[in-house]
Amino acid sequence: MSKRFTPSVKLTDNDVTDERIYRQRRRIIKSLGFAGAGSLLAGKASAIGWFDSDDDKPAFNAQPLDFVPGSDYSTSEKKTPYDKVTGFNNFYEFGTGKEDPAEYASALTTNPWSLSVDGMVEKPFTLDHDALTSRFTMHERIYRMRCVEAWSMVIPWVGFELGELIKQARPLSGARYVAFETLERPDEMRGQRSRFTGGGIDYPYVEGLRLDEAMHPLTLMAVGLYGKTLPPQNGAPIRLVVPWKYGFKSIKSVVRITLTDKEPPTTWNRLAANEYGFYANVNPQVDHPRWSQASERRIAGGGLLSRNRIDTQLFNGYSEVASLYDGMDLRKFF
Amino acid sequence: MKRLLSRPARLTRPQILVGKSLVHLLLLGLLAFQFQLGLSDQLGADPVQALLNFTGLNAIHLLLITLLVSPAAKHLPCADLMKYRRLLGLYVFVYALAHLTTYILFELQLNWPLIGSEIIKRPYITVGFAALLILAALSVTSPNSIRRRMGRRWQKLHNLIYLCAGLALLHYSWSQKVLLAEPLIYWAIAIVILLLRKDKFRPHRRPR
């Protein structure tokens with residue numbers, strides 16, 4: 001019988017370098033002057049870091065969530081790794097670059113938080129930070145996410161159905177649309193401080209859905225990702241996820257949900273109405289004016305050689321929502 | 001502009017050769033290193049986009065640097081700088097070609113019908129492609145023997161570099177989702193560089 005292997009060096013948790021000290025060491029190494037050449041060659045995602053800042057930020061500390069695993073709505077496709085889901089985001093409040101949110105969103109205070117539900121409802125209410133994860137049953141939903149820029153990911157969200165939240169407010173019979181609003185806090189969101197950094201968008205970011213779209217069981221209010229709380233770059237502490245629409249509809253860091261009888265304004269539609277419609281349903285037959293939407297690149301892992309170009313499906317493959325648009329010309333209502 | 005130094009500096013042949021070797025080493029090395037990082041998935045979440053940004057943006061950087069060579073040679077006491085202009089210009093083409101190659105191989109992944117239709121149907125890609133064709137024409141006519149044979153037509157052809165710079169920046173601006181973004185910085189720099197050589201655009205008649 002072979003002897004059980006025992007390492008000659010015994011390490012306990014106490015021997016692990018504390019993160020704070022680890023970061024301090026990094027700072028010292030950087031201050032020695034290798035930062036310039038080092039970041040040029042091995043910079044996080046771009047070698048063109050001329051405009052990047054080089055601050056060390058405390059790492060985001062994700063908290064585990066309790067949730068019901070498994071769902072009929074979940075896809076079994078290969079999940080996009082956590083570091084890619086959290087390292088490649090559009091969140092113009094923190095800058096227009098894809099790495100900007102990961103770099104700058106840690107400035108966002110996500111606790112305390114307040115999310116109000118108001119407008120054409122019988123019982124308007126407000127949720128505080130703890131209520132976001134305790135008021136409703138949490139489910140895991142593994143959804144495809146298709147960005148209007150023709151890349152996509154597969155993301156395991158944790159959250160609750162938006163329909164449950166809306167039902168609790170008891171919508172009035174005249175309510176037909178749901179309007180959403182992101183936090184506006186220029187002190188913490190650099191894109192809101194400068195029109196240049198924020199891409200010239202009018203903040204706060206707003207989005208909207210038709211009430212029946214909002215009540216569809218696929219429509220999720222996500223508070224987590226990979227079983228843990230959302231990092232700020234992904235829209236902490238709570239965001240919308242509408243998997244059959246382009247990613248920009250899934251508004252992040254929501255502070256207000258208002259039921260109305262009129263179609264609410266949406267940020268990208270206001271900025272370029274010919275390119276971004278109110279519906280923004282994923283549709284391979286309707287091109288963006290500047291690029292084809294017929295196919296997409298799935299970001300899943302692997303380097304340049306991964307053959308990850310796939311055909312885009314109508315409604316991002318969520319055919320169960322098709323009946324919501326019966327009789328509508330989706331070229332006109334794009 | 002006044003001369004910064006009073007005595008003109010001449011570079012010896014070995015010095016120029018060493019300088020050129022360094023340019024090759026740096027520019028080819030960086031390009032190879034980036035592709036290597038991309039192949040081993042070390043370029044962040046989307047290596048394809050990182051590589052498109054790297055090659056495209058550095059092609060523009062090199063183009064602007066190339067356009068700075070002749071004003072620099074004129075105003076600095078070192079006319080030998082001109083000996084680097086063609087080399088830098090060729091690297092603009094190399095980086096732009098790497099940009100298109102990345103787009104075809106890794107973004108569209110050799111889907112030829114899509115590649116064809118994107119180049120024709122998407123104005124910002126058409127514009128970028130036109131800039132690349134200009135760079136190709138300038139590159140193949142860059143050997144001295146061809147330059148001599150072309151005579152005055154050579155300069156006419158190579159003045160297309162200004163059009164190319166405009167097209168490249170238009171391609172960059174147009175590819176963004178918003179207007180208010182980094183490309184504007186490059187437009188500003190390009191305008192300053194063109195102002196440095198405004199005499200070139202003034203129609204002047206040579207005495208016969």
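When Cβ neighbours within 10 Å are restricted to other protein chains, what is their mean count per residue of peptide A:303-311?
Per residue, the number of nearby Cβ atoms from other chains is 6 on average.
What part of the accessible area of chain B, given as a whole %, is carbon or sulfur when the probe is 1.4 angstrom?
67 percent
Which FRET efficiency value, to the nearest 0.05, do you get for B:Ile16 and B:Leu180 by plugging their Cβ-Cβ distance into 1/(1 + (r/R0)^6) with R0 = 41 Å?
After rounding to 0.05, the efficiency reads 0.45.
Computed on protein heavy atoms with a 1.4 Å probe, what is the summed buried accessible area for the chain pair B and A, in Å² to the nearest 100?
3600 Å²
Return the equivalent ellipsoid semi-axes of segment A:81-140 as a descending list in whole Å, where each equals the square root of 5 times an eigenvalue of the C-alpha gyration tensor.
Semi-axes (√(5λ), whole Å): 29, 15, 12.
If you average 1/r over all unlike Cα pairs in segment B:115-157 and invert the result, what Kirkwood radius do you get in angstrom?
About 11.8 Å for segment B:115-157.
Let's test this: bin the Cα-Cα distances of segment B:1-95 at 10 Å from zero up to the farthest pair and state each bin's percent.
15, 37, 28, 14, 6, 0
Gaussian network model of chain B, Cα springs within a sub-10 Å range: biggest mean-square fluctuation belongs to which of B:Ala168, B:Ala181, B:Ala190?
Comparing B:Ala168, B:Ala181, B:Ala190 in the GNM, the peak value goes to B:Ala181.
In what order, largest first, do B:Lys74, A:Lys249 sit by accessible area if the probe radius is 1.4 Å?
B:Lys74, A:Lys249
Could you give the angle, 0 to 90 degrees to the nearest 10, between helix B:47-75's Cα long axis and the longest principal axis of the Cα atoms of chain B?
Around 10 degrees separate the two axes.
Would you calculate the volume per residue, in Å³, of the smallest convex hull containing every Cα atom of chain B?
Cα-based convex hull of chain B, divided per residue, equals 176 Å³.
Could you work out the helix-only [θ] at 222 nm for chain B, with each DSSP H run of four or more residues adding -39,500 (n - 2.57) and the total divided by the number of residues, to the nearest 500 deg cm²/dmol?
It lands at -23500 deg cm²/dmol.
Shielding of B:51-60 by partners, i.e. mean partner chain Cβ atoms within 10 Å per residue?
Taking the mean over all residues of the peptide, I get 2.
Ignore the peptide's own chain and count Cβ atoms of other chains within 10 Å of each Cβ in A:294-300; give me the average, rounded.
3
Mind pulling the angle between the C-alpha long axis of helix B:183-196 and the longest principal axis of chain B? Nearest 10 degrees, somewhere in 0 to 90.
Approximately 20 degrees, to the nearest ten.
Considering only C-alpha atoms, what is the centroid distance from segment B:145-181 to segment A:308-334, in Å?
The two parts, judged by their Cα centres, are 41 Å apart.
Might you work out the accessible area of A:Ile238 for me, using a 1.4 Å probe with all protein chains in place, and round it to the nearest 10 Å²?
Counting only protein heavy atoms, A:Ile238 exposes about 0 Å² to solvent.
Can you list which of the trypsin sites (Lys or Arg not before Pro) found in segment B:81-120 are DSSP loop residues with at most 16 other C-beta atoms within 10 Å?
Counting only loop positions with at most 16 other Cβ atoms within 10 Å, none of the trypsin sites (Lys or Arg not before Pro) in segment B:81-120 qualifies.
I'd like the distance between the alpha-carbon centres of segment A:233-284 and segment B:33-65, rounded to an integer number of Å.
Their Cα centres are 31 Å away from one another.
Just to confirm the filter: which chymotrypsin sites (Phe, Trp or Tyr not before Pro) across segment A:271-324 are DSSP coil and have at most 14 other Cβ within 10 angstrom of their Cβ?
none
Which trypsin sites (Lys or Arg not before Pro) does segment A:304-334 hold that lie in a coil by DSSP with at most 11 other beta carbons within 10 Å?
Here the sparse-neighbourhood loop sites are A:Arg307, A:Arg331, A:Lys332.
When only the heavy atoms of the protein chains count and the probe is 1.4 Å, how do B:His99, B:His24 rank by accessible area, highest first?
Largest to smallest exposure gives the sequence B:His24, B:His99.
In the Gaussian network model of chain B, springs joining C-alpha atoms below 10 Å, which of B:Leu39, B:Leu138, B:Leu62 carries the largest mean-square fluctuation?
Looking only at B:Leu39, B:Leu138, B:Leu62, the biggest GNM fluctuation is shown by B:Leu39.
Under the definition of Cα pairs under 8 Å and six or more residues apart, what whole-number percent is the relative contact order of chain B?
So the answer I get is 19 percent.
Around B:Glu182, which amide H atoms from residues at least 5 apart in sequence, or from another chain, sit under 5 Å from its own amide H, with H modelled in the peptide plane?
none
Rounded to two decimals, what is Rg over Rh for segment A:105-212 when you use alpha-carbon atoms and the Kirkwood radius?
0.99
Beyond 48 Å, what percent of the Cα pairs of the protein assembly as shown remain?
21 percent
The values are calculated or read from the model by the stated rules, or taken from the named source; none is laboratory data. As the structure is a computational prediction, the values presented were derived from the model and not from experiment. We place every Cβ from the backbone using ideal geometry, glycine too, and count neighbours over all the protein chains shown. Ligands, DNA and RNA are excluded from the accessible area calculation, which covers all protein heavy atoms including side chains. Shrake-Rupley method; radii C 1.70, N 1.55, O 1.52, S 1.80 Å.
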